[in-house]
Amino acid sequence: MTILQANRFSSLVGEIYDAAANPALRSAALEQVSNFVGGCAATILSRDAAGLSIEIHEHFGTDTRFRQLYRDRYVELDPLLDRHLDLAAGQTVGVTDVMPHSDFVATSFYREWVEPQGAIDLATVMLEKSDARTTILQVLRHRSRGIVDDAMRERMCLLAPHIQRSRVMGRQIRARSHTVDDLADVLDGLSTAICLLDAEGRVVHANAACRQLFADANLLAMVGDRLVARNTQVDKIFRSLFEISADAGIHSTGRRQIELVTSSEGHHYLLHAFLLRRERHLPRDVAATVLFVQRATMVSSLVPDAIAAAFRLTPSELRVLMAIVEIGGVPDIAAKLGIAETTVKTHLGRLFEKTGAGRQADLVKIAAGFAAPFAQRTGGDDTV
């Protein structure tokens, strides 16, 4: 192989691996493979171990009619296809390895399928073999170039392991992509707003609840690719959460902190930031911190019942607890429930005693912990 050919080979290998990450490049890469080995058409196909079906993965230089003919009839007449059952991956087989070329041109496979495509010969190399199926690269040789020679065999052998690895990489990339898509679907089904941030605080991913939170812009909003708090209290707590998260990463304390904040409309939310990665120099698209934002509201009639059963609350105590979550202040609760402020304070003291909470914010956190995590598909004000 000359220096020019070696450079061309190196460039082609790069194109083969590029095609693993970008499926749109596969056809062009296969065309370059065909040209490099001296072919006029190329196909990557698999045949199941029982010989009942074939699957064409990629193709170049053959039109739809001939591909369909190969599937329907001529696959059974191809003298090279089954030869790979006894060969190792990477081994190239030409027609003259099986029969004299003069005998090959007398076959119906040659007269009716090979020759009408302008070809005179073909060679195949095995890419993968398992108990279930065999995958090969099939290359047709144009009549102007003569029959398959040793140079063509050598080049197909050189490229085969790279094509095979590229296919494996492509499957792994697709599997990972499907996993990410599935995870995104799961996150979109949660009522809790979840936002993934990189090491610089830029948004990497936000689930549906989080995107709605940004759109409402009552608590947090997005400016460019960064989060902005909508009031001073939220901004202060938001920043403190990330300081605690970063400190936990440095000292490995594993400390978790949940903070209660109030939106510009007076709704209560729970904020929690949790460190995912401790490295300081990460690629921009790598999530380093996850932020959870949960509306402190009761989304199901089952939630108050569960809270009452867990802490043995009376109906009056439960009503006050629900009012604390929804409203907050003692005077407002008294007005809402139509009772005296002293009565509210009495129930509040009993709630502290039964739940172990020390302040109203702790009661809100306890109540929110009973809320169902899944978004209500019917919509409503309680969906974050």
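Annotations
- The calculated Kirkwood hydrodynamic radius for the stretch 3-178 is 16.4 Å, given to one decimal from all distinct C-alpha pairs.
- Among residues other than residue 51 with Cβ under 9 Å from its Cβ, the summed charge is -2 (Lys and Arg +1, Asp and Glu -1).
- Set of lysines with alpha-carbon distance to residue 336 below 19 Å, sequence-local pairs under 8 removed: 345
- In this calculation the C-beta distance from residue 35 to residue 106 is compared with R0 = 22 Å, giving a FRET efficiency of 0.15.
- Summed over qualifying helices (DSSP H, 4 residues or more, each -39500 (n - 2.57)) and divided by its residue number, the chain shows a 222 nm mean residue ellipticity of -14000 deg cm²/dmol.
- Along the chain, the exposed loop sites are GluC sites (Glu not before Pro) outside DSSP states H, G, I, E and B with at most 14 other Cβ atoms within 10 Å, and the longest stretch free of them is 1-199.
- Proximal lysines relative to residue 236, as straight alpha-carbon distance under 26 Å, when same-chain residues fewer than 8 apart are discounted: 365
- Stretch in the chain that is longest and holds no trypsin sites (Lys or Arg not before Pro) that DSSP places in a loop and that have at most 14 other beta carbons within 10 Å: 74-254
- Computed E for residue 82/residue 186 - FRET, C-beta separation, R0 56 angstrom, nearest 0.05: 0.80
- Cut-off 12 Å between beta-carbons: net charge of the residues surrounding residue 193, Lys and Arg +1, Asp and Glu -1: 0
- Net charge of Cβ neighbours under 11 Å - reference residue 166; Lys, Arg +1; Asp, Glu -1: +1
- Heavy-atom surface of the chain, accessible at 1.4 Å and reported per residue (Å²): 52
- Entry for Cα Rg over 2.2 N^0.38 Å (calculated from the structure that is shown) out of (1) 1.21; (2) 0.95; (3) 1.58: (3)
The values are calculated or read from the model by the stated rules, or taken from the named source; none is laboratory data. Computed from a prediction, not measured in an experiment: that's the story for all the values here. All Cβ positions, glycine included, derive from the backbone under ideal geometry; neighbour counts span all protein chains shown. The accessibility values were calculated without ligands, DNA or RNA, using every heavy atom of the protein model including side chains. Shrake-Rupley method; radii C 1.70, N 1.55, O 1.52, S 1.80 Å.
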